[in-house]
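Just so you know, all these numbers are worked out from the coordinates, no wet-lab data involved. Since we're looking at a predicted model, the values are computed, not measured. Counting neighbours? That spans all protein chains shown, and the Cβs are built from the backbone with ideal geometry, glycine included.
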Amino acid sequence: MGGLEIGFGAILVMLVLIYSGLHVAVALMLVSFLGVLLMRGSFDIAANLMVGAFRDSISDYMFGVVPLFVLMGLIVSVAGIGRDTFDVAQQAFRRVLGGLGVATVAANAIFAAITGISLASAAIFTKVAVPEMRRYGYTPHFAVGVVAGSSVLGMLIPPSLLFILYGVLTEQSVGDLFIAGVIPGLLLSAIYGIGIMAMAKFTPRFIGGTQVEAVEAPRMGVGEVVAKLLPITLLIVLVLGGIYGGVFTPTEAGAAGAGGALIIALVKRRLSWRDFVQVLVQTGHTTASICFLIMGATLYSRMLAMSGMPGWLGDTVIGAGFGVDGVIISMILIMIVLGTILDSASIMLLVLPIAVPILTGLDVDLIWLGVIAILAVEIGLLTPPFGLAVYVIKSTLGPDSDITLGQIFKGAAPFALMMALVLMLVFLFPALATALL
Amino acid sequence: MTDIDIAPRPPRRGRDRSDLLGPVLTGLNALGSVWIMGLMFLICGDILMRTVFNAPIAGVAEMVTFSIVGIVFLQLAHTLRAGSMTRSDLLITMVKRRSPRAAGLLLAFFSLVGAALLIITLWYFFPIFQKAWTQPERNFMGNPGFFRIPTWPLYGLMCIGMAATILEYVAQAWRYAREGA
């Protein structure tokens, strides 16, 4: 067997193993190990390559960013900052058609600027926004659909764990990627907002809800609004301002943000010792599982490079007259399809080691490609049968809830479509991603 | 007040008295958690020192590199035990509905695969640790004369982390094979 057959065979076997439920990182390692063993016929070479992946793939200053941003995201989550933001947004949009839906999107967009994990946003806003929307007569599937759709903003608006991962895999600046995500993130929020208002006007039966929610809730005074928005504003300025102004590396911004979030949570007296311990344990778990995945992915991409498969695939694809756009569109489609069985991080780790060497040869802007890749991957979060965000919402709702998985997918569908629209726009107008750089 | 309950899985308490591994993994996890806080304070301290006193802390970049590897290997086994390692449970859920026994055997097999890979890695990694231990002057991070940390403590932690993960994989395989999924 030649390198090519082994390269392709490895991918096939790996997809089967992953689908069967082998830990993704272990599947990556096993298949890469066996692939090298077959190609080189030496157990020592294969084993030493694996040791190399363990030893050096996460041994870099940049990886400090992972636990720090996760820690920050989890602290702001338990400190109730998401609820505060939602309260203010609810008041701001109370006269708008579909106001609570728009408020959920707005609160998510703001909250996304201090957290980098979609699933954290999905969990928080399921608890905060869904009951409120149902109280005002919105349909259950719309209420959860809005939450599922807007939780995606967490990955697009910096800081974002997926951008960090992408930057690590493709050796691009994480700071640049963060900045590239800003305009597409805001654009997606705006399109969501417009889409909700349009749905409220033209398909009121789909979303339900009363025309104007107003009056009932007691209005907050200016002082209270400021008190609720000040902490999150400070954190955004500290983290994004620090990176954008060139004062902080992303790792430093993560540490400063986590420190700031901790101080805010303590001042607001919203961090019990028990919560704090849970936050730390959870931070450790997320960090370890992501870094373990990265080790597997490093080994896998080294194995692929050894097999010569990405190079051959690139030549063939170009030879067949596919062109840059063709390659990118294929990548997008594959990512969306994989989204039906895998989580976003694993998809990127599987696809990028093949796609990026091909696209680098074609002079594609890898920062722009990062935004495209993340949008594509996140559409998968909303589509059945896997749709991780949807499952998180379902489990946050708890076993007593009358909302079914089918309803959540139905409610999220319009939002997946709007994401596809933004994906298309970024694809057609790369300036959307690169203008601020 | 909390917005989300970030610990959806109930802690496994009082499983049986032969669970000697549990406390060890919890201990490693706690150490890793403290280390994450330490990392945060280190970097914040560096930012403060350099902006306020114009005196940056030496070797922060090396210490961050050192820390991230240490943290990950300390947490790995506990992450595995808590079920937070990424996997697709689509097929397993389906099999489980038909036959928990079959799903258990499949999972047990998968756990053994994980253990086997880590055993190979540990076997080939251990000599590297030994070398770093016997020749610390040759195995370090950073620049000589400016700042350096020997790598043997880190490699030692990696060995411990891998060993703990292997044990947890084996324990899991045993549990799955006996009790089903």
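Overview of values
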read-out: Simple spin-label estimate for A:Trp312 and A:Ile334 in nanometres, 7 Å along Cα-Cβ; value: 1.5 nm
read-out: Residues A:Thr404, A:Thr139, sorted so that the one with the fewest Cβ neighbours within 10 Å comes first; value: A:Thr404, A:Thr139
read-out: Relative packing of A:273-283, A:62-72, which averages over residues the other C-beta atoms within 10 Å, highest first; value: A:62-72, A:273-283
read-out: Rounded Å value of the spacing that divides the Cα centres of segment B:27-75 and segment A:1-23; value: 38 Å
read-out: Shielding by partners, peptide B:86-99 (average Cβ within 10 angstrom, other chains); value: 5
read-out: Environment charge at A:Phe33 (Cβ cut-off 13 Å; Lys +1, Arg +1, Asp -1, Glu -1); value: +1
read-out: Segment A:222-238 versus segment A:263-280: alpha-carbon centroid distance in Å; value: 18 Å
read-out: Pair-distance profile P(r), taking every C-alpha pair of chain A, with 10 angstrom steps and integer %; value: 5, 21, 31, 25, 13, 4, 1, 0
read-out: Rule-of-thumb Rg ratio for segment A:75-211 [Cα; 2.2 N^0.38 Å; N residues]; value: 1.06
read-out: GluC sites (Glu not before Pro) lying in DSSP loop within segment B:71-180, provided at most 12 other Cβ fall within 10 Å; value: B:Glu137
read-out: Loop sites in segment B:107-181: trypsin sites (Lys or Arg not before Pro), DSSP, at most 10 other Cβ within 10 Å; value: B:Arg138
read-out: Distant-in-sequence amide H partners of A:Gly208 (H built 1.01 Å from N, under 5 Å); value: A:Thr139
read-out: Size of electric dipole in segment A:246-340: Cβ of Lys, Arg +1 and of Asp, Glu -1, about Cα centre, debye, nearest 20; value: 580 debye
read-out: Value of relative contact order over segment A:366-437, rounded to a whole percent, pairs C-alpha under 8 Å and six or more apart; value: 42 percent
read-out: Rg(Cα)/(2.2 N^0.38 Å) for segment A:291-437, N = residue count; value: 1.18
read-out: Amide H within-cut-off set for B:Phe140, under 5 Å, with H built and near neighbours excluded; value: B:Thr151
read-out: Length released on extending from A:Leu230 to A:Phe43, taking residue separation times 0.36 nm less the Cα-Cα span; value: 61.5 nm
read-out: Hydrodynamic radius of segment A:1-96 per Kirkwood, over alpha carbon pairs, in Å; value: 17.5 Å
read-out: Solvent-free Debye scattering, log10 I(q)/I(0), computed from the Cα coordinates of chain B at q = 0.14, 0.18 Å⁻¹; value: -0.92, -1.22
read-out: Set of lysines near A:Lys410 by C-alpha distance (under 30 Å), chain-local residues within fewer than 8 positions excluded; value: A:Lys127, A:Lys201, A:Lys394, B:Lys96
read-out: Between 0 and 90°, nearest 10: helix A:388-397 axis offset from chain A longest Cα axis; value: 40 degrees
read-out: Neighbour-count ranking [beta-carbon atoms within 10 angstrom, fewest first] of A:His23, A:His141; value: A:His141, A:His23
read-out: Inter-label distance for A:Arg269 and A:Arg135, nm, one decimal - labels placed 7 Å from Cα along Cα-to-Cβ; value: 2.4 nm
read-out: Order of A:Ser151, A:Ser118, B:Ser84, A:Ser395 under a 10 Å beta carbon neighbour criterion, fewest first; value: A:Ser395, B:Ser84, A:Ser118, A:Ser151
read-out: At most 15 other Cβ within 10 Å, DSSP loop - chymotrypsin sites (Phe, Trp or Tyr not before Pro), segment B:81-181; value: B:Phe146
read-out: Per-residue [θ]222 nm for chain A (sum of -39500 (n - 2.57) over DSSP H runs n ≥ 4, rounded to 500); value: -25000 deg cm²/dmol
read-out: Chain lengthening between B:Val24 and B:Trp133 when straightened (0.36 nm per residue, less Cα-Cα); value: 36.9 nm
